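Asks: Questions regarding the structure given below will be posed in turn.
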């Protein structure tokens, strides 16, 4: 049996996880069904871009929150305990990333680093991050938010999608993983740090951080109005860009993450089938993230390309997203062992038992 006590689950964090995976599903199905004339200036385009732009930041922030709490519970543990926690996570996350890449092969190369490989890298960093003081992590978060300004020559500004997902050799792949890929460690680590800070800061300091973020976000709107620039787009010359993540994007999306955290925190004691279902979905967020790509891949493979109307795209996107609420809740309730989360838990438990047994034999020997 592991010597590390399990932490109590937080219903509000499971709810945030559920919202994050729903946002990720919306981003991907929305991209699959997007009409060719859809513009981010149109209401539908703006809504889709806003949800899609918040999906990954929220997903990573919640992962940072959970990873930091799990790592803290293991501080002072034997090396074998850390190995039992880290090894299954890193291997399963990398395997899941490979599976996603293969399933979505028209969109990604088999070796493309993505959000799951970022999670694997974050897991390796958690033993270090868990030892850093609050002030150090806040300083690191600030520096990472400014990283796109300081490292613009290495982040792939102006790159095509093909350049961002493919590498010719190992050094190129590492470059995508760390600096210039779809979800590189720099600067996306800042969202994992933000998630950890939300777990540590009291309500007053969280509200101050939210206020500062809101003021900075309003400043970006005033800037584009004054200078006649585009406020946000996936990539290009906009002030807020996702590929690569710009500093204004990090600030605005981080502010939205804080706002959602505060809003969901008020719903912690709220009871209701919808809240419970989304929370159950959140407990299988990793499994749902992997599996939700399968129908999209089948659609791309078997359905002849066509240009849907805005209404059809909206209905199709909403239907697919909302379907995952009851489906994910049913999955968690009826088949929880048939999930990546359960496999991860079992691998950790068995490795921990092996390391505990090894320590006992060593103790008897000496």
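The values are calculated or read from the model by the stated rules, or taken from the named source; none is laboratory data. For clarity, every value in this text was computed on a predicted model and none was experimentally measured. Note that each Cβ is placed from the backbone with ideal geometry, even for glycine, and that neighbours are counted across all protein chains shown.
Asks: Give the residue, chosen from 217, 238, that is closer than 23 Å to residue 24 by Cα and in contact (Cβ under 8 Å) with a residue 12 or more places away in the chain.
Replies: Going through 217, 238 in turn, the sole match is 217.
Asks: With respect to the numbered conditions (1) within 20 Å of residue 24 (Cα to Cα); (2) more than 18 Å from the chain's Cα centre (by Cα), which one is the sole condition not fulfilled by residue 116?
Replies: (2)
Asks: Something else about it: Take residue 222 and decide whether it is without any contact (Cβ under 8 Å) to a residue 40 or more places away in the chain, surrounded by fewer than 17 Cβ atoms within 10 Å (Cβ to Cβ), out of contact with any helix residue (DSSP H, G or I) (no Cβ under 9 Å at 6 or more places or on another chain) and within 19 Å of residue 134 (Cβ to Cβ).
Replies: Against the criterion (without any contact (Cβ under 8 Å) to a residue 40 or more places away in the chain, surrounded by fewer than 17 Cβ atoms within 10 Å (Cβ to Cβ), out of contact with any helix residue (DSSP H, G or I) (no Cβ under 9 Å at 6 or more places or on another chain) and within 19 Å of residue 134 (Cβ to Cβ)), residue 222 does not qualify.
Asks: A further question on this structure: Can you give me the number of residues within region 19-45 that are in contact with a helix residue (DSSP H, G or I) (Cβ under 8 Å, 6 or more places away or on another chain), part of a helix (DSSP H, G or I), over 15 Å from residue 307 (Cβ atoms) and at pLDDT below 90?
Replies: Looking only at that region, the number is 0.
Asks: Next question, about the same structure. Among the residues of region 277-313, write down those that are over 24 Å from residue 106 (Cα atoms) and surrounded by 17 or more Cβ atoms within 10 Å (Cβ to Cβ).
Replies: 277, 278, 279, 280, 281, 282, 283, 284, listed by residue number.
Asks: Between 232, 245, which is in contact with a strand residue (DSSP E or B) (Cβ under 7 Å, 6 or more places away or on another chain), buried (at least 17 other Cβ atoms within 10 Å of the Cβ) and touching a residue at least 60 places away in the same chain (Cβ under 8 Å)?
Replies: 232
Asks: Could you tell me whether any residue of region 65-78 is part of a helix (DSSP H, G or I), under 22 Å from residue 174 (Cβ atoms) and within 15 Å of the chain's Cα centre (by Cα)?
Replies: So far as region 65-78 goes, yes, one or more of its residues are part of a helix (DSSP H, G or I), under 22 Å from residue 174 (Cβ atoms) and within 15 Å of the chain's Cα centre (by Cα).
Asks: Just one of the numbered conditions (1) more than 19 Å from the chain's Cα centre (by Cα); (2) part of a helix (DSSP H, G or I) is not true of residue 50; which one?
Replies: Among (1) more than 19 Å from the chain's Cα centre (by Cα); (2) part of a helix (DSSP H, G or I), residue 50 violates only (1).
Asks: Please enumerate the residues belonging to region 167-178 that are at pLDDT below 95 and buried (at least 17 other Cβ atoms within 10 Å of the Cβ).
Replies: Scanning region 167-178 gives a single hit, 167.
Asks: Output the number of residues of region 92-126 satisfying the condition of being part of a helix (DSSP H, G or I) and over 23 Å from residue 187 (Cα atoms).
Replies: 5
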